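Please read through the structure below; I'll follow up with questions.
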Amino acid sequence: MAGHSKWANIQHRKGRQDARRSKMFSKLSKEITVAAKMGAPDPDFNPRLRLAIQAAKAQSMPKDNIDRAIKKSTSADEANFEEVRYEGFGPAGVGVIVEALTDNRNRAASEVRTVFSKNGGNLGETGSVSFMFDLVGYIEYPASVGTEDEMLEAAIEAGADDVQSSAESHEIYCAFDALAEVASALEAKFGEAQSAKPFWRPQNTIDVEGDKAATLMKLIDALEDCDDVQNVYANFEISDEEMARLAD
């Protein structure tokens with residue numbers, strides 16, 4: 001989501017990253033299992049699985065956990081997960097897209113709807129928000145891997161469409177169906193990325209501040225805490241000053 005790197009930094013400063021590590025591993029494992037089940041259990045022949053494993057490695061997920069998640073895909077006892085997308089609105093009219101992997105659609109819908117209603121938002125119809133976003137490929141590297149010019153040159157050569165560099169990171173955007181190819185080309189030059197995944201990129205953003213900003217962050221935080229939810233995207237922007245205030 002717009003501002004998602006800043007949001008991650010706030011989470012880190014509050015010490016929430018470590019506290020939520022187990023839940024994060026669970027979500028990464030679920031994605032690996034589903035990816036392996038939908039295609040071949042070999043990442044060399046399954047781009048989605050390759051990206052899922054790359055995302056897990058970027059979060060320092062142990063190899064044993066990754067291997068177990070792949071093996072689960074062939075287990076007859078493993079639950080059948082369904083991919084579901086929810087769309088809604090948060091404070092200040094911010095559009096929110098929620099991606100879930102669930103074995104119980106009714107439970108997931110009820111939980112997501114409750115989170116929206118308790119945090120100043122409301123769940124909308126499918127398509128009510130996603131038209132304001134573009135589904136693209138997203139790759140992130142720490143700023144330390146190279147200069148802005150080096151990353152821009154390498155990304156363009158790899159087939160990317162846009163690069164946004166800051167003091168903390170390089171964020172690379174590409175066509176959704178080119179994600180695996182672009183990620184592999186950049187990995188050959190810079191090593192494994194911090195993140196490589198499909199991404200709902202907002203076409204425009206809404207500036208949010210004050211109480212609405214705080215409530216919006218609570219909404220996103222609560223959605224990300226849902227067991228069935230894999231990813232949350234929103235079309236907002238918050239100033240650095242407001243971010244600093246929220247981090248206190």
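The values are calculated or read from the model by the stated rules, or taken from the named source; none is laboratory data. Quick caveat, the model's predicted, so the values are computed rather than measured. Note that we place each Cβ from the backbone using ideal geometry, even for glycine, and neighbour counts take in every protein chain shown. All accessible areas refer to the heavy atoms of the entire protein, side chains included, with ligands and DNA or RNA removed. Shrake-Rupley method; radii C 1.70, N 1.55, O 1.52, S 1.80 Å.
Could you please tell me which pairs satisfy a Cβ distance under 9 Å, a separation of 6+ or placement on different chains, a first residue in the stretch 174-199 that is free of Cβ contacts under 8 Å to residues at least 24 places away in the same chain, and a second residue that is surrounded by fewer than 19 Cβ atoms within 10 Å (Cβ to Cβ) and not in a helix (DSSP H, G or I)?
Note: pairs meeting the criteria are Glu181/Gly159.
So if I check each of Ala92, Ala100, Ala55, which one is in contact with a strand residue (DSSP E or B) (Cβ under 9 Å, 6 or more places away or on another chain) and either in a strand (DSSP E or B) or aromatic (Phe, Trp, Tyr) (or both)?
Result: Ala100 is the single residue among Ala92, Ala100, Ala55 that is in contact with a strand residue (DSSP E or B) (Cβ under 9 Å, 6 or more places away or on another chain) and either in a strand (DSSP E or B) or aromatic (Phe, Trp, Tyr) (or both).
All but one of (1) touching a residue at least 40 places away in the same chain (Cβ under 8 Å); (2) open to solvent by 60 Å² or more (accessible area, probe 1.4 Å); (3) more than 17 Å from Phe116 (Cβ to Cβ) hold for Lys212; which doesn't?
In the conditions (1) touching a residue at least 40 places away in the same chain (Cβ under 8 Å); (2) open to solvent by 60 Å² or more (accessible area, probe 1.4 Å); (3) more than 17 Å from Phe116 (Cβ to Cβ), Lys212 misses (3) alone.
For the stretch 181-197: of the residues being open to solvent by less than 70 Å² (accessible area, probe 1.4 Å) and over 20 Å from Ser60 (Cα atoms), which is nearest to the chain's Cα centre (by Cα)?
Here the residue is Val182.
Identify the residue in the stretch 88-99 that is buried (at least 21 other Cβ atoms within 10 Å of the Cβ) and of a type outside the set (Val, Ile, Thr) and, among all such residues, is farthest from Arg201 (Cα to Cα).
Among those that are buried (at least 21 other Cβ atoms within 10 Å of the Cβ) and of a type outside the set (Val, Ile, Thr), it is Pro91.
For residues that are assigned to a loop (DSSP other than H, G, I, E, B), surrounded by 18 or more Cβ atoms within 10 Å (Cβ to Cβ) and in contact with an Asp or Glu (Cβ under 9 Å, 6 or more places away or on another chain), tally how many sit in the stretch 121-145.
Within the stretch 121-145, residues that are assigned to a loop (DSSP other than H, G, I, E, B), surrounded by 18 or more Cβ atoms within 10 Å (Cβ to Cβ) and in contact with an Asp or Glu (Cβ under 9 Å, 6 or more places away or on another chain) number 1.
Looking at the stretch 217-242, which of its residues are open to solvent by 60 Å² or more (accessible area, probe 1.4 Å), in a helix (DSSP H, G or I) and farther than 17 Å from Asn119 by Cα?
Scanning the stretch 217-242 gives Asp240, Glu241.
Here is a check on your reading of the model: is Ala108 open to solvent by less than 60 Å² (accessible area, probe 1.4 Å), without any contact (Cβ under 8 Å) to a residue 60 or more places away in the chain and out of contact with any His (no Cβ under 9 Å at 6 or more places or on another chain)?
no
Take the residues in the stretch 22-72 that are among the small types (Gly, Ala, Ser) and either in contact with a Pro (Cβ under 6 Å, 6 or more places away or on another chain) or open to solvent by 50 Å² or more (accessible area, probe 1.4 Å) (or both); name whichever of them is nearest to Glu181 (Cα to Cα).
Per the stated criteria, the residue is Ser60.
For (1) closer than 18 Å to Ala52 by Cα; (2) touching a His at 6+ places or on another chain (Cβ under 9 Å); (3) in a helix (DSSP H, G or I), each residue gets a yes or a no:
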site: Ala167; (1), (2), (3): no, no, no
site: Tyr173; (1), (2), (3): yes, no, no
site: Leu179; (1), (2), (3): yes, no, yes
site: Val182; (1), (2), (3): yes, no, yes
site: Lys189; (1), (2), (3): no, no, yes
site: Ala196; (1), (2), (3): yes, no, no
site: Arg201; (1), (2), (3): no, no, no
site: Asp211; (1), (2), (3): no, no, yes
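Right, something else. Between residues in the stretch 139-156 that are within 17 Å of Gln54 (Cβ to Cβ) and residues that are basic (Lys, Arg) and open to solvent by less than 30 Å² (accessible area, probe 1.4 Å), which pairs lie under 6 Å by C-beta distance while being six or more apart or on different chains?
none
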